[in-house]
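Laboratory data are not the source of any read-out in this text; all were calculated from the coordinates shown. What you see is a predicted model; the values in this text were computed from it and never measured. Reconstructed Cβ throughout: ideal geometry from the backbone, glycine too, with neighbour counts over all protein chains shown.
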Amino acid sequence: MTSRTAALRRIWHRAGPILTILAVLLAVWYASAVALNAAWAKDKAKRADTVLTFSELVSDTMSQDKPLLPAPHQVAEEIYKTTVLKKVTSKRSLIWHGWITLSATLLGFAFGTALGMLLAVGIVYSRATDMSVMPWVITSQTIPILAVAPMIIVVLNAVGVSGLLPKAFISMYLSFFPVAVGMVKGLRAPDQMQLDQMRTWSATKATSFWKLRLPSSMPYLFASLKIGIAASLVGAIVGELPTGAVAGLGARLLAGSYYGQTIQIWSALICAAILAASLVALIGLIEKITLKRMGMLS
Amino acid sequence: MSEAVISAKDLSLTFETNDGPVHALKDINLDINKGDFVSFIGPSGCGKTTFLRCMADLETPTGGTITVNGMSAAEARMKRAYGYVFQAAGLYPWRTIGGNIRLPLEIMGFNKSEQSKRVTDVLELVELAGFEKKFPWQLSGGMQQRASIARALAFDADILLMDEPFGALDEIVRDHLNEQLLQLWARTEKTIGFVTHSIPEAVFLSTKIVVMSPRPGRIADVIESTLPRDRTLDIRESQEFADIAHRVREGLRAGHAYD
């Protein structure tokens with residue numbers, strides 16, 4: 001019994017602060033919904049020549065079809081209807097759209113991680129690469145992706161590449177950067193003594209890479225992967241915006257804004273946020289397990 | 001017993017810095033014979049560590065010559081002529097103690113059964129038998145340093161170079177490790193180069209004490225110890241020990257170590 005209360009207390013210790021902030025956010029959200037949607041409700045009442053009481057006003061602001069800001073429970077209801085109540089193969093299912101975005105995210109993330117690691121190895125082992133490539137790696141991230149994404153989609157479409165790959169390409173573009181920068185730092189993490197030690201054993205560069213540099217870089221890699229996967233998701237959604245609103249969470253956002261379906265926009269947004277949080281949490285879990293097994297958890 | 005395994009002739013090393021050249025080593029002449037236990041002592045900046053690093057081909061001298069086992073230092077390094085123990089144990093946290101000792105053996109291409117045999121042997125040598133499967137964080141600082149010595153011994157180099165290996169440990173642990181190191185030296189008949197800044201440690205361990213002084217880094221005195229090779233901690237109470245320690249101190253004073 002005491003161990004169970006202790007466990008509960010531990011969970012509360014972790015979840016308490018997060019839940020508190022969540023409660024505050026929900027309260028702010030509700031208050032904002034009332035404030036923002038009140039004008040429309042009053043307008044409607046004026047045209048019907050009635051005067052709303054305060055409680056009527058509040059209940060109206062939370063049940064409009066196309067509110068300026070939908071209330072949290074409206075979004076939750078919409079998410080429930082479009083996930084649980086719809087078949088996953090339906091084009092109105094958020095799970096179906098979510099999967100389309102997720103698959104592009106994961107593919108782009110895999111490409112981006114591979115590219116980032118390759119660049120990092122090149123930068124760490126070759127001064128020429130360090131001097132020539134590194135500035136371009138940084139410059140690449142100063143280009144607004146929102147402006148470039150439609151061009152990438154259109155150009156790739158013109159040469160016959162469509163569907164998953166163009167979106168994955170944009171995800172890769174956003175996710176290779178944190179991995180490259182993190183891995184450069186990680187591969188340079190071994191101190192002079194450890195490198196000297198390898199030298200006393202006449203180890204080759206390849207040997208010190210596999211036995212020393214790569215294992216030493218793991219904490220840096222995981223920190224980068226967490227940023228990289230969130231960036232990948234943003235990339236995939238941005239990549240879906242100019243595709244003529246066919247499929248994916250990005251398409252849901254765009255379609256929602258075309259038709260003023262604010263509830264649909266917000267439910268797609270919340271789903272994207274939940275997806276991103278789950279992906280980051282998943283990598284965090286793998287990180288914890290790996291670093292614990294490597295004795296590197298500080 | 002008098003062939004020189006390490007021989008330095010007019011060895012110099014100058015670092016070019018923004019404030020002008022720094023003479024880390026200047027005209028060093030020294031022979032280290034097979035089976036010797038040689039300590040290098042002096043204030044910081046006297047070049048004792050730099051000298052050891054020259055033997056290990058971790059620094060490249062700018063003048064003179066140094067030979068190790070009759071070869072250049074670089075060739076000796078490639079032939080894995082020495083084991084090097086650094087100030088910090090530098091064990092990899094993701095490898096067990098056994099795994100850490102196996103590391104140089106893997107790099108040098110020993111086969112699996114030979115690796116296991118050697119790991120068991122050297123762990124016994126440093127009195128860490130039974131700790132093979134433990135991780136570094138499960139061991140005390142002194143035990144970690146013993147494991148790092150085991151790692152340097154594992155591939156059976158004739159020469160052991162040690163750069164202040166016990167510098168970060170407390171005196172009680174240090175005394176114990178010094179005694180163990182002497183036993184290990186007696187059993188393995190290795191030639192040992194040992195950098196320290198502790199006078200009692202240098203006198204207790206060495207057959208030859210090289211006193212160095214800074215600016216430029218040079219040898220102030222070479223003291224051949226008259227103590228028997230087989231010694232215990234009690235010897236530190238003897239008059240002979242005090243006399244040698246006194247001479248080391250004189251050498252340090254002559255080299256302006258106390259200025």
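Any chance you could tell me what percent of the C-alpha pair distances in segment B:113-259 go past 22 Å?
In whole percent, the share of Cα-Cα pairs in segment B:113-259 beyond 22 Å is 46.
Counting only residues at least eight positions apart within a chain, or on another chain, the lysines with an alpha carbon under 27 Å from that of A:Lys81 are A:Lys66, A:Lys91. Could you give the angle, 0 to 90 degrees to the nearest 10, between helix A:94-125's Cα long axis and the longest principal axis of the Cα atoms of chain A? On a 0 to 90 degree scale, this one is about 30. Note on chain B: with a GNM built from Cα contacts shorter than 10 Å, the maximum mean-square fluctuation among B:Asn111, B:Asn69, B:Asn18 falls on B:Asn18. Given springs between every Cα pair under 10 Å in a Gaussian network model of chain A, which of A:Thr20, A:Thr61, A:Thr129 has the largest fluctuation? Of A:Thr20, A:Thr61, A:Thr129, the most mobile in the Gaussian network model is A:Thr20.
The value obtained for the protein assembly as shown, namely the Cα convex hull volume divided by the number of residues, is 264 Å³ per residue.
Take every DSSP beta bridge whose two residues both sit in the protein assembly as shown; close to 55 percent of them are antiparallel. As a proxy for reagent exposure, A:Lys185, B:Lys9 were ordered by neighbouring Cβ count within 10 angstrom, fewest first; the result is B:Lys9, A:Lys185. As a quick test, which of the pairs A:Lys185/B:Lys34; A:Lys185/B:Lys117; B:Lys26/B:Lys208; A:Lys185/B:Lys26 have an alpha carbon distance above 32 angstrom in this structure? Pairs exceeding 32 Å: A:Lys185/B:Lys34; A:Lys185/B:Lys117; A:Lys185/B:Lys26. Run the helix sum for chain A: -39,500 (n - 2.57) per DSSP H stretch of 4+ residues, divided by residue count, reported at 222 nm to the nearest 500 deg cm²/dmol. When only DSSP H runs of four or more count, the value is -26000 deg cm²/dmol. The alpha-carbon atoms of segment A:2-69 define a convex hull whose volume equals 103 cubic angstrom per residue.
Fewest-first ordering of B:Arg53, A:Arg127 by other beta carbons within 10 Å of each residue's beta carbon gives A:Arg127, B:Arg53. Where both bridge residues fall in segment B:105-259, DSSP classifies roughly 55% of the beta bridges as antiparallel.
Taking the C-alpha atoms only, the angle from helix A:2-47 to the longest principal axis of chain A is near 50 degrees.
Taking other C-beta atoms within 10 angstrom as a stand-in for reagent exposure, A:Ser93, B:Ser238 fall in the order B:Ser238, A:Ser93, fewest first.
Given only helices, namely DSSP H runs of n ≥ 4 each adding -39500 (n - 2.57), what is the per-residue ellipticity at 222 nm of chain B, to the nearest 500 deg cm²/dmol? Here the helix-only value at 222 nm equals -11000 deg cm²/dmol. The lysines within cross-link reach of A:Lys288, meaning a Cα-to-Cα straight distance under 17 Å and a gap of 8 or more places when in the same chain, are A:Lys226. Across all directions, the average flat footprint of the convex hull enclosing the Cα atoms of chain B is 14.5 nm².
Taking chain B as a Gaussian network of alpha-carbon nodes connected by springs under 10 Å, the highest mean-square fluctuation of the residues B:Glu179, B:Glu201, B:Glu106 belongs to B:Glu106.
Overall shape of chain A was characterised from the C-alpha gyration tensor. The equivalent ellipsoid obtained from it has semi-axes of 45, 27, 16 Å, in decreasing order.
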